[in-house]
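Note sheet for the following structure.
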Amino acid sequence: MRISARADYAVRAVLELAVRHSDDAPVKAETIAAAQDIPHKFLEGILGDLRRGGVVESRRGGGGGYRLARDAASITVADVIRAVDGPIVSVRGERPTGLTYTGSAQPLLPLWIALRANVRRILEGVTIADIAADALPAHVTALAAEPAAWENP
């Protein structure tokens, strides 16, 4: 599985809004880009996707910028990734539930469905508030603590 640069930058930008700018005042894209070392023009497109996805709000003008559209505790990592990249797990650009296999490949479908279920369990179970508080859920912390999780086969 691959996490795109867009998804990584999007989660970091939303986290920046949650942690550094929780006073509800709009934050300029330039400020977020500088704080997280994200290319400004790339971030502008990502913030547009996050706005369309209902994750952030924007305000124009001199006092304008971006802020979270709702409380960080109600925004999951999955929400952020879906807003910028679409479905969390896809096979050849399709959701696993839309696939059909024949013959010897039939057992692949439940494998892809199980993969999607496990990825969703992690990403839908972690909120931006969890990350901001450095308080990942126990099941995520346990997985990350496994030595094999840090090895590249």
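The values are calculated or read from the model by the stated rules, or taken from the named source; none is laboratory data. Predicted model, so just to flag it, every value in this text is computed and none were measured. Counting neighbours? That spans all protein chains shown, and the Cβs are built from the backbone with ideal geometry, glycine included. Remember, those area values only see protein heavy atoms, side chains included, never the ligands or the DNA or RNA. Shrake-Rupley method; radii C 1.70, N 1.55, O 1.52, S 1.80 Å.
Looking across the range 21-66, the residues that are in contact with a strand residue (DSSP E or B) (Cβ under 8 Å, 6 or more places away or on another chain), open to solvent by 10 Å² or more (accessible area, probe 1.4 Å) and in a helix (DSSP H, G or I) come down to 31, 51.
Does residue 91 meet the test of being in contact with a Phe, Trp or Tyr (Cβ under 9 Å, 6 or more places away or on another chain) and more than 25 Å from residue 40 (Cβ to Cβ)? For residue 91, the condition - in contact with a Phe, Trp or Tyr (Cβ under 9 Å, 6 or more places away or on another chain) and more than 25 Å from residue 40 (Cβ to Cβ) - is met. Screening the range 3-20 for residues that are charged (D, E, K, R) and under 11 Å from residue 43 (Cβ atoms) and picking the one that is surrounded by the fewest Cβ atoms within 10 Å (Cβ to Cβ) gives 6. Taken together, the criteria place residue 117 among residues that are among the small types (Gly, Ala, Ser) and loosely packed, with under 15 Cβ neighbours inside 10 Å. Note on the range 84-100: among residues that are over 15 Å from residue 124 (Cα atoms) and in contact with a Pro (Cβ under 8 Å, 6 or more places away or on another chain), the one that is least open to solvent (accessible area, probe 1.4 Å) is 90.
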